[in-house]
Amino acid sequence: MSKINKVWIPAIIATIIAQLLVAYYVYSTLLHGGEGRLPTGNTHRPPREGNDNYDGLFTTLGTIALFLGAASFSWYWFKKKRKSQSMWVRQAGSLLFTLHKLIGWTTLILVVIHGTYFLITKLHDDKIYSGIAAFSILLTLVGYGYFINKIRNKWMRTVHRSLGLIGVPVLLLHGGGSAIMAVIVTLAAFGLVILFERRAGQAGNE
């Protein structure tokens, strides 16, 4: 097997795992009428619930992770724009270049904290499955990011970007409105890049 093929293996495995978990999540949700809870196996003892205040806190951590992930993904729009005619685009590109790895690690840490809490307190909630699916993609994505400069293979960056795109629908399914807003922010960043570059180009031609 060639090096090109081998470099895709972890990503393919993570994607298959995520697909299976998402499929089970959708199945369980439909099976139980969208109640968002799997059967506990004990009708006399309700599943353990988290404290409402803590639930809100750890949900917020997950939301912050979504937006940090969106900021990290926005680096894709700015990557080749660090020599842009627009000062704002150059500065944003340089800032994201500097912070990209830090944002990625911070996102992973927040997701681990968020997920661990809900695994303990909401184990029977079927959203656990979509959450684990998203985490499997994120963990593999971070892994590729970590090894990009350690493994000399031109496909590492392609796989890294591909996992980012693959994770979007999983996050939309798990994060709902917050994930939609994060996607909108990412698209808005792309729109601003185009807008600022056009204005800079027009100013340079005058």
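Restricting the search to segment 74-118, which residues are under 18 Å from Ile148 (Cα atoms) and in a loop (DSSP other than H, G, I, E, B)? Hits for segment 74-118 are Lys79, Lys80.
Answer yes or no as to whether Gly131 is under 26 Å from Leu31 (Cβ atoms) and either hydrophobic (A, V, I, L, M, F, W, C) or modelled with pLDDT of 90 or more (or both). It is true that Gly131 is under 26 Å from Leu31 (Cβ atoms) and either hydrophobic (A, V, I, L, M, F, W, C) or modelled with pLDDT of 90 or more (or both).
All of (1) surrounded by fewer than 18 Cβ atoms within 10 Å (Cβ to Cβ); (2) farther than 21 Å from Asp55 by Cβ hold for Gly167 with one exception: (1). Restricting Ile166, Ile194 to residues that are in a helix (DSSP H, G or I), β-branched (Val, Ile, Thr) and within 27 Å of Lys122 (Cβ to Cβ) narrows the list to Ile166. Quick check on Leu163: is it under 28 Å from Ser84 (Cβ atoms) and within 13 Å of the chain's Cα centre (by Cα)? So Leu163 fits the description; yes.
Let's see how each residue does on (1) farther than 27 Å from Leu30 by Cα; (2) open to solvent by 80 Å² or more (accessible area, probe 1.4 Å); (3) among the basic types (Lys, Arg):
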{"residue": "Ser136", "(1), (2), (3)": "no, no, no"}
{"residue": "Ser178", "(1), (2), (3)": "no, no, no"}
{"residue": "Ile184", "(1), (2), (3)": "yes, yes, no"}
{"residue": "Ala188", "(1), (2), (3)": "yes, no, no"}
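For segment 60-103, the set of residues classified as of a type in the set (S, T, N, Q) and open to solvent by less than 30 Å² (accessible area, probe 1.4 Å) consists of Ser72, Ser74, Ser84, Ser86, listed by residue number. Looking only at residues that are more than 14 Å from the chain's Cα centre (by Cα) and more than 14 Å from Lys101 (Cβ to Cβ) in segment 138-160, which one is surrounded by the most Cβ atoms within 10 Å (Cβ to Cβ)? Filtering segment 138-160 for residues that are more than 14 Å from the chain's Cα centre (by Cα) and more than 14 Å from Lys101 (Cβ to Cβ), the one surrounded by the most Cβ atoms within 10 Å (Cβ to Cβ) comes out as Val159.
The values are calculated or read from the model by the stated rules, or taken from the named source; none is laboratory data. Bear in mind the structure is a predicted one, so any value in this text is a computation, not a measurement. Cβ: placed from backbone, ideal geometry, glycine included. Neighbour counts: every protein chain shown. Just the protein is used for accessible areas: all its heavy atoms, side chains included, with ligands, DNA and RNA removed. Shrake-Rupley method; radii C 1.70, N 1.55, O 1.52, S 1.80 Å.
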